[in-house]
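Quick notes on the structure that follows.
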Amino acid sequence: MEPAQIEIVGVTKRYPGGTTAVDDVSLKVPAGTYCCLLGPSGCGKSTTLRMVAGHESISEGHIRLGNTVVTDLPPAKRGTAMMFQSYALFPHLDTTDNVAFSLKMKGVDKAVRRAKALDMLKLVQMEHLAERRPAQLSGGQQQRVALARALITDPQALLLDEPLSALDPFLKIKVRQELKKLQSQLGISFIHVTHSQEEAMALADLVVVMNKGRIEQAAEPREVFNRPATAFVARFMGDHNVIAGRVSKITPSGIEFDVPGGATFNAPTESFDVGEPIEIAVRNDRVKFVTPPKKGCGMTGLVQNIEYHGQKVQISLSAPGIDAFDAQIPESEFFAKPLSVGDAVPLTWAPEDVHILKSSPAA
Ligand code: ADP
């Protein structure tokens, strides 16, 4: 089948009992995109995926695949295929028959369906284990069989629910690379649910960050990381400091804002009035130890914790009115002038490293 665009339009899911799992979500996934739905547990990622797959009914809105509205179609009629977190292979069938299962249901002749299953097994480099049963396969191999079984229906889009979560860290990275390669080889869209920002950034063309049933940001990984839309995204992606305060003054280069009980900072923006709340983000690796700290773009912090991360050292600091503040500095820089817990240090960042955050749609 031809790769097709997936369009989710104003979709809401209310479960019986009153949980709104997905709240008026709209999203376009262009044909041939690797899309990751990313967010903490319970934010509505799996529900969104299951509604696209047809395994969950939709309370409001609709979903289109290519030119077809699929909202009320059963899973097998949609042109999507789903790979589940628990691979759900049939224990009594060998690898080939597991992969061929959906063709058997469609009444496809045995020789034809086994030949097609073997093609799919070749695609995931599993043809040498075609006669094994699931219990004789490793986790990574079972995962490949599940992938082949989903792809045999020739879907226009593949839906994957936490496909790497059962794998050990090394295998995770290996299979992740294979997924990406397979997606570009097939040219169809993959929608992949994960709670790992690292996984999403490594794989996705389009990262969709969800929070409380809503989309906080949908963009390329680099955009999401460098220009997080909201404080939630900045915190969830990590490696950012969020500073929240209230605008106290309009200046020629932007605004000044005060942190309750803390310092006054500058931000280059014209879209705020005096008295309004504001949140900014500054990347951890843009924070420098410079004496004295720059007025408006710096402060004095108290070292609370030091973690060695290999290439970088992460220093956690406290400052009045600021929730959490980390600086990451290159290893060599740190050990040239080591710090200790309890040290008061001057922190500074450049005005262009101040990123203004928007308020969260889930707030
Ligand atoms: P995620 O995949 O991001 O972890 P889910 O989509 O599974 O989140 O769940 C979103 C919300 O919907 C959660 O609050 C969850 O408890 C609730 N939920 C999920 N499935 C059901 C269900 N079948 N019945 C009732 N509530 C559900």
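The values are calculated or read from the model by the stated rules, or taken from the named source; none is laboratory data. This structure is a prediction, so every number in the text was calculated from the model and none was measured. Cβ atoms come from the backbone with ideal geometry, glycine included; neighbour counts cover every protein chain shown. With ligands, DNA and RNA removed, areas are computed over all heavy atoms of the protein, side chains included. Shrake-Rupley method; radii C 1.70, N 1.55, O 1.52, S 1.80 Å.
Numbers for the structure displayed
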| read-out | value |
| --- | --- |
| Residue among THR20, HIS128, CYS36 farthest towards the positive dipole end of segment 6-226, charges placed on Cβ | HIS128 |
| Segment 38-107 and segment 239-303: distance between their alpha carbon centers, rounded to Å | 46 |
| On Cα atoms only, tilt of 139-151 relative to the major axis of the chain in degrees | 70 |
| Reduced Cα scattering model of segment 231-357, Debye log10 I(q)/I(0), q = 0.17 Å⁻¹ | -0.84 |
| Mean Cβ neighbour count within 10 Å, used as a protection proxy, ranking 2-10, 167-175 highest first | 2-10, 167-175 |
| Stokes-Einstein D for segment 300-339, Kirkwood Rh over Cα pairs, 25 °C, 0.890 mPa s (µm²/s) | 235 |
| Straight-distance crosslink candidates among lysines, where the alpha carbon sits under 20 Å from LYS249 and sequence neighbours closer than 8 are dropped | LYS294, LYS295, LYS358 |
| Positive-end residue of MET51, GLN177, PRO91, charge dipole of the chain with Cβ unit charges | PRO91 |
| Heavy-atom accessible area per residue - the chain, 1.4 Å, Å² | 48 |
| Reference-scaled alpha-carbon Rg (2.2 N^0.38 Å with N residues) for the chain | 1.19 |
| Dipole magnitude of segment 183-283 about its Cα centre (Cβ charges: Lys, Arg +1; Asp, Glu -1), debye to nearest 20 | 140 |
| Segment 6-226: antiparallel DSSP beta bridges as a percent of all, rounded to 5 | 50 |
| Packing-based order for 185-194, 241-250, 43-52, using average beta carbon neighbours within 10 Å, highest first | 43-52, 185-194, 241-250 |
| Electrostatic dipole magnitude of segment 6-226 [Cβ: Lys, Arg +1; Asp, Glu -1; Cα centre; debye, to 20] | 540 |
| For segment 49-95: Kirkwood Rh in Å [reciprocal of mean 1/r, alpha carbons] | 12.2 |
| Computed [θ] at 222 nm, deg cm²/dmol, the chain (DSSP H ≥ 4; -39,500 (n - 2.57); rounded to nearest 500) | -7500 deg cm²/dmol |
| Pairs of Lys in segment 6-226 closer than 21 Å at Cα, counting only those 8 or more apart or on different chains | 24 |
| Relative packing of peptides 87-98, 260-271, 222-233, 153-164 - highest average C-beta neighbours within 10 Å first | 153-164, 222-233, 87-98, 260-271 |
| Contact order relative to length of the chain, as percent, for alpha carbon pairs under 8 angstrom and 6 or more apart | 16 |
| Cross-link partners of LYS312 among lysines (Cα-Cα below 17 Å; sequence separation of 8 or more within a chain) | LYS288, LYS337 |
